[in-house]
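The structure appears below as C-alpha cells.
Derivation of every value follows stated rules applied to the coordinates shown; laboratory data play no part. From a predicted model like this one, the values you see are computed outputs, not experimental measurements. Neighbour counts run over all protein chains shown; Cβ positions are idealised from the backbone, glycine included.
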Amino acid sequence: MGKKSIKDINVSGKRVLVRVDFNVPLDPKTRAIADDIRIRESLPTIKYLIDKKAKVILCSHLGRPKGRDKDSSLAPVAQRLSQLLGRDVAMADDCIGPEVEKQAAALKEGQVLLLENLRYHAEEEKNDPAFARSLARLADVFVNDAFGTAHRAHASTEGVSRYLPAVAGFLIQKELDVMGKALDNPDRPFAAVLGGAKISDKIAMLENILAKVDCLLVAGGMAATFLKAMKHETGKSLVENDKVDTAQQLMQKAAARKIRLLLPQDVVVADKFEAGAINRVVSVDKVPAGWYIMDIGPKTIDSFGAELRKSRTIIWNGPLGVFEFPEFRKGTESIASVLAGVKATTIIGGGSTAEAVQEMGLADKMTHVSTGGGASLTFLEGKPMPAIVALLDK
Ligand code: 3PG
Ligand code: MG
C-alpha cells in the first residue's frame with residue numbers, strides 16, 4: 001500500500017482517534033440498524049487497539065444531516081458496537097469541544113469512546129482546518145479505517161492527518177490490498193462485470209479497467225447506451241445520447257486490444273418502469289418501441305456465466321437489472337450465484353452490488369465485498385483517494 005499502518009506505530013497507552021465509516025443504513029421507521037457489516041468490518045482495528053491498551057476514540061458520520069439532528073445520532077451504533085465487542089462503549093454528545101476533550105482525556109487504557117456524528121458540524125465536509133485541529137486535540141495518533149469515506153477530503157478523513165501522525169487501519173489495508181492486487185497483478189483470465197444505471201457514472205472506471213482485464217461484461221441500465229451505439233432499438237430505456245460516441249469508442253478500444261467485450265444478447269423488457277409491469281424476454285435487436293429494458297435474459301445469463309467460470313479474477317460493480325423490482329432481479333441474482341460458486345478471486349464493489357449480494361446471503365462466499373460504494377468506484381477508476389494520500393508514507 002505504501003502507507004504506514006497501525007502496526008508501524010506505537011499505540012500503547014496513547015489516545016488514538018480512529019475514523020471509521022459507521023454510515024450504516026437505518027430502518028426508516030424504527031431507526032434500527034438494517035445492516036451492520038461496516039461496524040463488524042471495523043472490529044479488527046478496534047480490538048487490536050484495545051489489546052494494545054490504547055485509549056480508543058472513534059468518530060464517524062451518519063447520513064447527510066444539516067446540523068444537529070437526532071435522527072442521525074450515532075447512539076444506536078454505540079449500542080451495536082458494544083454488543084459486538086462485549087464491552088462498554090461510551091457515547092459523547094458531540095465530536096469536538098471542551099466536554100468531549102475532558103471525556104477523551106479521562107479514558108483509561110482499553111476504553112472506547114464513540115463521538116457523536118461529525119456532520120452535525122458543517123465544517124466537517126468543508127474540511128475546515130480549525131475543526132480538524134479541534135478533532136486532533138482529542139488524541140495523540142490518528143488511524144483512518146473509514147474506507148467507505150476515503151474518497152472524501154473532509155476534516156476527519158483528510159484534514160486531521162495534517163495535525164497528528166496518521167496511519168491506516170486494517171480495513172483500509174485489506175480493501176486496498178485485495179482490490180490493488182486484482183488491478184495490478186491479477187490471476188488471469190481477469191473479468192469485470194459492470195452494471196448500474198448510467199454510463200456517465202462509470203466511464204472513468206470503464207476506461208481504467210479496460211486497460212487491465214481480459215474480458216469485460218457490460219449490462220444494467222448503461223448497456224442501453226452501448227446497444228444504441230450498435231444501432232439497436234432501445235425503446236424507452238434511459239440512453240445517454242451524449243455518451244453514445246463514448247460507448248462506440250470503448251467498443252473500438254476493446255476490439256483493438258483484443259479484449260472480449262460481452263453485451264446482453266437478450267433482455268427482459270417491460271411495458272412500464274415499475275414492479276409488476278408486463279414483461280417478456282426478447283433478443284436485443286427486438287426491443288419493442290415504447291418498452292423498457294429491465295434485466296438481462298437467460299441466454300445472456302448463460303454466456304456471462306460461462307465466461308465467468310473460466311475466469312480466475314472477477315470484479316463486479318453495479319446491478320445487472322432493475323434490482324429494486326422483484327421481477328427484474330434474476331440477472332443480478334444469477335450472476336451473484338455464479339460468482340459464489342467459482343474458483344476465482346471474486347471482488348464485489350460496494351453500494352448496491354454489495355447490498356444485492358448481502359440480501360442473498362452470499363457475502364461469505366465472495367473473496368471480498370467492499371464496504372465502500374463511491375470509494376470503491378474511485379479506486380476502480382484508478383484515481384487518488386484524498387484520505388489515503390494524506391497518510392504517512394511507509
Ligand atoms: C457512503 O456510504 O457512501 C460513505 O459513507 C460516504 O457517505 P457520503 O456519500 O454521504 O459522503
Ligand atoms: Mg456515498
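For the stretch 221-330, what does the alpha-carbon gyration tensor say about shape, rounded, prolate or oblate, given a ≥ b ≥ c as the root eigenvalues, a/c under 1.5 as rounded, and a/b over b/c as prolate? It comes out oblate by the Cα gyration axes.
Sparse packing (at most 16 other Cβ atoms within 10 Å of the Cβ) combined with a DSSP loop state is found for the following trypsin sites (Lys or Arg not before Pro) in the stretch 185-275: LYS198, LYS231, ARG257, LYS258, LYS272.
With N counted as the residues of the stretch 7-48, its alpha-carbon radius of gyration over 2.2 N^0.38 Å works out to 1.54.
In this Cβ point-charge picture (+1 for Lys and Arg, -1 for Asp and Glu), the stretch 189-297 has a dipole of about 280 debye about its Cα centre. Simple point charges give the picture: +1 on the Cβ of Lys and Arg, -1 on the Cβ of Asp and Glu, and for the stretch 1-108 a dipole about the Cα centre of about 380 debye. The equivalent ellipsoid that matches the C-alpha gyration tensor of the chain spans semi-axes of 42, 22, 18 angstrom, in descending order. Remark: the chain carries a charge dipole of roughly 880 debye about the Cα centre, counting +1 on each Lys and Arg Cβ and -1 on each Asp and Glu Cβ.
Between the residues ALA275, LEU217, VAL287, the greatest Cα displacement towards the positive end of the dipole of the stretch 213-307, with unit charges on the Cβ of Lys, Arg, Asp and Glu, is found for LEU217.
Over the stretch 310-394, the ratio between the Cα radius of gyration and 2.2 N^0.38 Å evaluates to 1.20. The stretch 239-267 and the stretch 294-328 have their alpha-carbon centroids 17 Å apart. Here the gap between ALA34 and MET360, fully extended at 0.36 nm per residue and compared with their Cα-Cα distance, gives a gain of 115.9 nm. Here's the picture: charge each Lys and Arg Cβ at +1 and each Asp and Glu Cβ at -1 in the chain, and of ASN117, ALA106, LEU320 the one pushed furthest to the positive end of that dipole is ALA106.
For the stretch 53-188, the calculated P(r), taken from all Cα-Cα distances in 5 Å bins from zero up to the bin holding the longest distance, is 2, 10, 17, 22, 21, 14, 7, 4, 2, 1, 0, 0 percent. A Cα-only calculation for the stretch 19-107 places Rg and Dmax at 13.3, 39 Å.
Multiplying the residue separation of LYS4 and ALA275 by 0.36 nm and removing their Cα-Cα distance gives an extension gain of 92.7 nm. Can you work out the PRE-style zone for LYS394? Point 7 Å along Cα to Cβ, and I want the residues of the stretch 134-164 with backbone N under 20 Å. Output list for this probe position: 142-147. In the chain, helical runs assigned H by DSSP with n ≥ 4 each contribute -39500 (n - 2.57); averaged across all residues and rounded to the nearest 500, the mean residue ellipticity at 222 nm is -9000 deg cm²/dmol.
Do any of LYS53/LYS102; LYS212/LYS253; LYS228/LYS286; LYS181/LYS343; LYS231/LYS253; LYS212/LYS394 go past 21 Å between their Cα atoms, and which?
Details: LYS53/LYS102 19 Å; LYS212/LYS253 12 Å; LYS228/LYS286 13 Å; LYS181/LYS343 17 Å; LYS231/LYS253 18 Å; LYS212/LYS394 27 Å.
Result: LYS212/LYS394 exceed 21 Å.
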